[in-house]
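Worksheet: one structure, shown below.
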Amino acid sequence: SKGTYDTFMLKEIDEQPAVMRKISSHYFDGKKINVDQKMLKDVADADRLYIVAAGTSYHAALVGKDIFENLADVPVDVELASEFGYHMPKLSKKPFFIFLSQSGETADSRQVLVKVNELGFHSLTMTNVPNSTLSREATYTMELLAGPEIAVASTKAYTANIAVEAVLAKAMGELKGVKAAKDLDLQGQLALAANAIQTIVDEKDKFNKIADDYLTGKNDAFYIGRGIDYALSLEAALKLKEISYIHSEGFAAGELKHGTISLIEKDTPVFAYINDGIGAAHTRGNIQEVTARGAHVLVIASKKYAEKGDQVIIPEINEMISPIVSVVPAQLIAYYASLARGNNVDQPRNLAKSVTVE
Ligand code: M6R
């Protein structure tokens, strides 16, 4: 039930701190990581991971690529389910497949899993619904533990998925003796993430005002960022477009000058993310370029890279998993933009919660 909330989406956004704590207490037993040991050996033995997903889950996979490559020291390909099954690339010698699916029922993802099973490869489904089709048909399952997600726009499943990817990556890295995995205090980081999300959701009015200031009467908006913020920008833009119906795109900030910047005119809303240390200085340059062309820029920066005048500051968190926190402003901006337009926030037009056709 919605409880005291008017919409499931807002309730689910607010549940995210509790979800982070639940993941931490479920998957950690003191310092020990609680995952199926047979699965762990199987996945750690792979020479390449193929993460397959759609929509928001695909965006969580893009964030996961960085996490697995860093913590588990394994190359990762991220694949759109609707493409991968029909255009399968040449696979590595020892592939392992990870399916990300909130519902566990997405037909695009399932058609890939059917082929993976025919080929005899092992797989893991990370899902919020443990008895779902993808869960039953994959070799292994890890639960997202986000609790039922009812709003069509996925929020807590995205942040849960990133956290669960980090749990598995850390366990793999520890098994393989990867220093980065041993050094990461993931429990501590998940606790920080929970508190950071809480700080953001406690400031709802601020995001309502931002949505109002930046998006009233607008037909187009852009999210930009580099590295981890690029992956995040794709999710932020999807959230905004699917429920507000404002055309929005996520771009790698460095790509703007290769075409997209021609779309920038006076008062075009641009949301710029700066959580990625390597990209920070360059993204500042891109912000200057769009500002010079009249864009209305909102900077969402982590505390570490924030500068005077930045409007939204993200509390300190490990960069790799920072989208868990930095997505929340985008979820709230999308929510308020949708509400202001009088849309059905929980059930946007033309969309279903789980897409069971290919
Ligand atoms: O249940 P799944 O995670 O497999 O669903 C995949 C997409 O259909 C889903 O994430 C969709 O993009 C959401 N509406 C996004 O908010």
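Could you tell me which numbered condition Lys266 fails, if it satisfies all but one of (1) modelled with pLDDT under 95; (2) open to solvent by 40 Å² or more (accessible area, probe 1.4 Å)?
Evaluating Lys266 over (1) modelled with pLDDT under 95; (2) open to solvent by 40 Å² or more (accessible area, probe 1.4 Å) leaves (1) as the failure.
Do you know which of the residues in the stretch 159-197 that are closer than 30 Å to Lys11 by Cβ and touching a strand residue (DSSP E or B) at 6+ places or on another chain (Cβ under 6 Å) is farthest from the ligand (Cβ to nearest atom)?
Gln187
Residues are listed down the side, and each one gets a yes or a no for (1) touching a helix residue (DSSP H, G or I) at 6+ places or on another chain (Cβ under 9 Å); (2) at pLDDT below 95; (3) within 16 Å of the ligand (Cβ to nearest atom):
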site: Leu238; (1), (2), (3): yes, no, yes
site: Ser244; (1), (2), (3): yes, no, yes
site: Leu256; (1), (2), (3): yes, yes, no
site: Val270; (1), (2), (3): yes, no, no
site: Tyr273; (1), (2), (3): yes, no, no
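I'm checking my understanding of the structure. Among residues of the stretch 287-342 that are among the charged types (D, E, K, R) and in a loop (DSSP other than H, G, I, E, B), which one is surrounded by the fewest Cβ atoms within 10 Å (Cβ to Cβ)?
So the residue we want is Lys308.
In the stretch 215-232, what residues are outside any loop (DSSP other than H, G, I, E, B) and surrounded by fewer than 19 Cβ atoms within 10 Å (Cβ to Cβ)?
Passing the criteria: only Asp220.
How many of the residues making up the stretch 191-209 are touching a helix residue (DSSP H, G or I) at 6+ places or on another chain (Cβ under 6 Å) and more than 14 Å from Val327 (Cα to Cα)? Please lay out each step first, then the result.
Applying the first criterion (touching a helix residue (DSSP H, G or I) at 6+ places or on another chain (Cβ under 6 Å)) to the stretch 191-209 yields 193-194, 196-198, 200-201, 207-208.
Those left that are additionally more than 14 Å from Val327 (Cα to Cα): 208.
Here the count works out to 1.
Give me a count of the residues in the stretch 126-158 that are more than 10 Å from the ligand (Cβ to nearest atom) and on the phi < 0 side of the Ramachandran plot.
The total comes to 16.
Out of Val114, Val78, which single residue is buried (at least 17 other Cβ atoms within 10 Å of the Cβ), at pLDDT 95 or above and of a type in the set (A, V, I, L, M, F, W, C)? So that I can check it myself, show each step before the final result.
Numbers: Val114 fails: buried (at least 17 other Cβ atoms within 10 Å of the Cβ).
Testing whether each residue is buried (at least 17 other Cβ atoms within 10 Å of the Cβ), at pLDDT 95 or above and of a type in the set (A, V, I, L, M, F, W, C) leaves just Val78.
Would you mind stating whether Phe121 is within 28 Å of Ala252 (Cα to Cα) and open to solvent by less than 60 Å² (accessible area, probe 1.4 Å)?
Values: within 28 Å of Ala252 (Cα to Cα): no; open to solvent by less than 60 Å² (accessible area, probe 1.4 Å): yes.
No.
Evaluate the following for Ala72: is it farther than 14 Å from Ala53 by Cα and either within 11 Å of the ligand (Cβ to nearest atom) or among the hydroxyl-bearing types (Ser, Thr, Tyr) (or both)?
Details: farther than 14 Å from Ala53 by Cα: yes; either within 11 Å of the ligand (Cβ to nearest atom) or among the hydroxyl-bearing types (Ser, Thr, Tyr) (or both): no.
Criteria not met by Ala72.
Just the residues that are assigned to a helix (DSSP H, G or I) and open to solvent by 10 Å² or more (accessible area, probe 1.4 Å), please, taken from the stretch 155-191.
Scanning the stretch 155-191 gives Lys170, Glu174, Leu175, Lys176, Lys179, Ala180, Lys182, Asp183, Gln187, Gly188, Gln189, Ala191.
The values are calculated or read from the model by the stated rules, or taken from the named source; none is laboratory data. Just so it is clear, the model here is predicted, and its values are computed rather than measured. Quick reminder, even Gly has a Cβ in these numbers, built from the backbone with ideal geometry, and neighbours come from all protein chains shown. All accessible areas refer to the heavy atoms of the entire protein, side chains included, with ligands and DNA or RNA removed. Shrake-Rupley method; radii C 1.70, N 1.55, O 1.52, S 1.80 Å.
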